[in-house]
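These notes are about the structure you will find just below.
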Amino acid sequence: MDNRPLGVFDSGLGGLTGVKELRRLLPGEDIVYFGDTGRVPYGSRGRDTILQYARQDIAFLLSKNVKYIMAACGTVSSTYPAAEAAKLPVPYLGVVSTAAREAAVATRSRKVGVIGTAATIRSGSYETLLRQLVPGVEIVKRACPMFVPLVENGYFNDGNPVAKLVIEEYLTPVRAAGVDTLILGCTHYPLLKSMIGAFMGPDVALIDPGKAAADALKSMLEDKGLLAQRSEGRAAFYVSDSVDTFAASADVFLGPYRGGSVEQVAIDQF
Ligand code: DGL
């Protein structure tokens, strides 16, 4: 039993899709969430900047005495080295390995699509893992940089004409390649899931990285005897930009699970 909070972070608010899953699966856990809303996006930045930001985000969560760190960000998960994560004082989980494993189980044709930010696609993180997990896999990858601003600006309701156009533009070659599984390799993309699903067709399995990681985290906490013992956990949210921006968008990502205090943090001091 361990009643310390889970630490979750993202470049912005997309990681709240992971928090939503965690709160559904593990209602007794306290969660400390950090969203780097003042420095989002990470996905268009170079490796060194992403690493520096990720280290500061992790240092902040450690200062909150968390028992586990989940990087609910495809870009950080693709960039932060496993060797460095292994040296942290608490266990660390990114979203890439669990989503890749779920895709490996889902694919029948061994044709897997991967979409994500420019940094995620450039890193080859999903490719490396999928090649280990699925011998002979064919990977069709595509950076979709306009998906994040679409989601951040609320352009994701079913049938939204702008989102529809951008989805067609990015995913036409992925669909034409005949993938049967598509990894939504960025924590913002699950908000577009229904429109992406409508475009890709019912035979394509869509993998949600935040959900896959939350499922895995639950199993790990159970296996290691680290579950909290209380019936209702609390959430505390921290952001690096004004808390008003968080309040305006959090509902979209958290759904009915919103709640908890919101504070601004000077993240560059970590
Ligand atoms: N959270 C990022 C990810 O999952 C997307 C937003 C960004 O580019 O920072 O890759």
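Residue-by-condition table, conditions (1) more than 14 Å from the chain's Cα centre (by Cα); (2) open to solvent by 20 Å² or more (accessible area, probe 1.4 Å); (3) at pLDDT 95 or above:
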position: 48; (1), (2), (3): yes, yes, yes
position: 51; (1), (2), (3): yes, no, yes
position: 55; (1), (2), (3): yes, yes, yes
position: 83; (1), (2), (3): yes, yes, yes
position: 99; (1), (2), (3): no, no, yes
position: 105; (1), (2), (3): yes, yes, yes
position: 108; (1), (2), (3): yes, yes, yes
position: 111; (1), (2), (3): yes, yes, yes
Filtering region 183-195 down to residues that are over 11 Å from residue 147 (Cα atoms) and either away from the ligand (no atom under 15 Å from the Cβ) or hydroxyl-bearing (Ser, Thr, Tyr) (or both), which residue is least open to solvent (accessible area, probe 1.4 Å)? 195
Qualifying positions in region 57-81 - under 16 Å from the mean Cα position of the chain (by Cα) and open to solvent by 10 Å² or more (accessible area, probe 1.4 Å): 77, 78, 79, 80
Kindly provide the set of residues from region 1-21 that are within 16 Å of the ligand (Cβ to nearest atom) and either farther than 15 Å from residue 237 by Cβ or part of a helix (DSSP H, G or I) (or both), ordered by number. 16, 17, 18, 19, 20, 21
I'd like the full set of residues that are surrounded by 19 or more Cβ atoms within 10 Å (Cβ to Cβ) and assigned to a helix (DSSP H, G or I), limited to region 130-146. 130
Identify, please: which residue in region 22-46 is basic (Lys, Arg) and part of a helix (DSSP H, G or I) and is, among those, surrounded by the most Cβ atoms within 10 Å (Cβ to Cβ)? 23
May I ask you to list the residues in region 196-217 that are open to solvent by less than 30 Å² (accessible area, probe 1.4 Å), outside any helix (DSSP H, G or I) and within 16 Å of the ligand (Cβ to nearest atom)? 207, 208
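The values are calculated or read from the model by the stated rules, or taken from the named source; none is laboratory data. Since the structure is predicted, the reported quantities are computational estimates derived from the model, not experimental observations. Because the Cβ atoms are built from the backbone with ideal geometry, glycine has one as well, and the counts that use them run over all protein chains shown. Quick note on the areas: whole protein, heavy atoms, side chains included, nothing else; ligands and nucleic acids left out. Shrake-Rupley method; radii C 1.70, N 1.55, O 1.52, S 1.80 Å.
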